[in-house]
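S.K.: Take this structure first; my questions come after.
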Amino acid sequence: MGRALFYHLTRSAPEALAPRLIARAQDSGFRVEVRGADTGVLERLDELLWLQEGFNAHGRAGGPHDARQPVLLRALARDAGEPGAPANGAACILSLDGAPVAPERCAEADRVCILFDGNSEAALDVARGQWRALVAAGQGADYWSEASGGWRKERSSDGS
C-alpha cells in the first residue's frame, strides 16, 4: 500500500507540477493515470507532455491503446465516483481538480498524488473531504504546501 500525497498549490498551476510528478513516478518504474475534472487543464497538460524536451509518451483515455499507455489522461467529473482500476495498470494516480480517488483504489496504488488549488475555497473543501475519507479508511497521507515558496511537508497521517 502506497501513500496519498496532497499538494496544496498556491503559487503554481496543476499542469506546472504534474509533469514533474509524472517524471518522478516514471523514474520509479510506475505507469501513471492522471485523473482530471477540468478538461481544459487536461488539454494543457496533454500539450505540455508532448512539448517537453524528449516529450513524454502518453494518451487520452478512451482510445484503442489505453492499456499500452505509460501515462493515461482521463477526464472524470468530481461527482462521478471511483471509476475503477486504471486501464493502463497504473501504479501511480494523479488527481487534479477534485477528480475522485476512492480509498480502495488508493490502497491498491503505490502512489496517489492529489493536487488542488489552495486559492479556491471550493477546491480546499474537496481536498479536505478527500483527506478525511482516505485517512478514515486507514490510508497513510502526507500534506505538502508550496505557500512558503518551496515545497514543504506540513502534515502526515499514518491512517489511524
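S.K.: Would you pick out the residues in region 82-95 that are modelled with pLDDT under 90 and closer than 24 Å to Asp158 by Cβ? Give the derivation first.
M.R.: Kept after step one, since they are modelled with pLDDT under 90, are these residues of region 82-95: 82-85.
Result: Glu82, single match.
S.K.: For region 146-160, how many residues meet the condition of being of a type outside the set (A, V, I, L, M), outside any strand (DSSP E or B) and either without any contact (Cβ under 8 Å) to a residue 24 or more places away in the chain or touching a strand residue (DSSP E or B) at 6+ places or on another chain (Cβ under 9 Å) (or both)?
M.R.: Within region 146-160, the first condition is being of a type outside the set (A, V, I, L, M), and the residues that meet it are 146, 148-160.
Add one more test, that the residue is outside any strand (DSSP E or B), and what stays is 146, 148-151, 158-160.
In the following step, the residues that additionally are either without any contact (Cβ under 8 Å) to a residue 24 or more places away in the chain or touching a strand residue (DSSP E or B) at 6+ places or on another chain (Cβ under 9 Å) (or both) were identified as 146, 148, 150-151, 158-160.
Number satisfying all stated conditions: 7.
S.K.: From the list His8, His58, His65, pick out the single residue that is farther than 20 Å from Asn119 by Cα and open to solvent by less than 60 Å² (accessible area, probe 1.4 Å).
M.R.: Working: His8 fails: farther than 20 Å from Asn119 by Cα; His65 fails: open to solvent by less than 60 Å² (accessible area, probe 1.4 Å).
The unique qualifying residue is His58.
Residue by residue, here is whether (1) out of contact with any Asp or Glu (no Cβ under 8 Å at 6 or more places or on another chain); (2) under 21 Å from Gln26 (Cα atoms); (3) modelled with pLDDT of 90 or more; (4) among the charged types (D, E, K, R) holds:
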site: His58; (1), (2), (3), (4): no, yes, no, no
site: Ala80; (1), (2), (3), (4): yes, no, no, no
site: Asp97; (1), (2), (3), (4): no, no, no, yes
site: Pro100; (1), (2), (3), (4): no, no, yes, no
site: Gln130; (1), (2), (3), (4): yes, no, yes, no
site: Gly138; (1), (2), (3), (4): yes, no, yes, no
site: Tyr143; (1), (2), (3), (4): no, no, yes, no
site: Ser160; (1), (2), (3), (4): yes, no, no, no
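S.K.: Does region 141-152 hold any residues that are of a type outside the set (Ser, Thr, Tyr) and more than 16 Å from Arg128 (Cα to Cα), and which are they?
M.R.: First, the residues of region 141-152 that are of a type outside the set (Ser, Thr, Tyr): 141-142, 144, 146-147, 149-152.
Once the filter is applied, which keeps residues that are of a type outside the set (Ser, Thr, Tyr) and more than 16 Å from Arg128 (Cα to Cα), region 141-152 yields Glu146, Ala147, Gly149, Gly150, Trp151, Arg152.
S.K.: Scan region 139-147 and tell me whether some residue there is open to solvent by 30 Å² or more (accessible area, probe 1.4 Å) and closer than 30 Å to His65 by Cα.
M.R.: To start, the set of residues in region 139-147 that are open to solvent by 30 Å² or more (accessible area, probe 1.4 Å) comprises 143-144, 147.
Imposing the further condition that a residue be closer than 30 Å to His65 by Cα reduces the set to none.
The answer is no; no qualifying residue exists.
S.K.: Considering each residue of region 39-55, count those that are at pLDDT 85 or above and open to solvent by 60 Å² or more (accessible area, probe 1.4 Å), and give that number.
M.R.: Selection size over region 39-55: 4.
S.K.: Can you tell me which of Asn88, Asn119 is open to solvent by 30 Å² or more (accessible area, probe 1.4 Å) and not charged (D, E, K, R)?
M.R.: Values: Asn88 fails: open to solvent by 30 Å² or more (accessible area, probe 1.4 Å).
Only one candidate qualifies: Asn119.
S.K.: Give region 22-38 a look and list any residue that's farther than 11 Å from Ala109 by Cβ and either assigned to a loop (DSSP other than H, G, I, E, B) or open to solvent by 10 Å² or more (accessible area, probe 1.4 Å) (or both), or say none.
M.R.: Initial filter on region 22-38 (farther than 11 Å from Ala109 by Cβ): 22-24, 26-29, 34-38.
Residues satisfying the conditions are Ala23, Arg24, Gln26, Asp27, Ser28, Gly29, Ala37, Asp38.
The values are calculated or read from the model by the stated rules, or taken from the named source; none is laboratory data. Computed from a prediction, not measured in an experiment: that's the story for all the values here. Please note: Cβ atoms are built from the backbone with ideal geometry, for glycine as well, and neighbour counts cover all protein chains shown. For the accessible areas, the whole protein counts, side chains as well, though only heavy atoms, and no ligand, DNA or RNA atoms are used. Shrake-Rupley method; radii C 1.70, N 1.55, O 1.52, S 1.80 Å.
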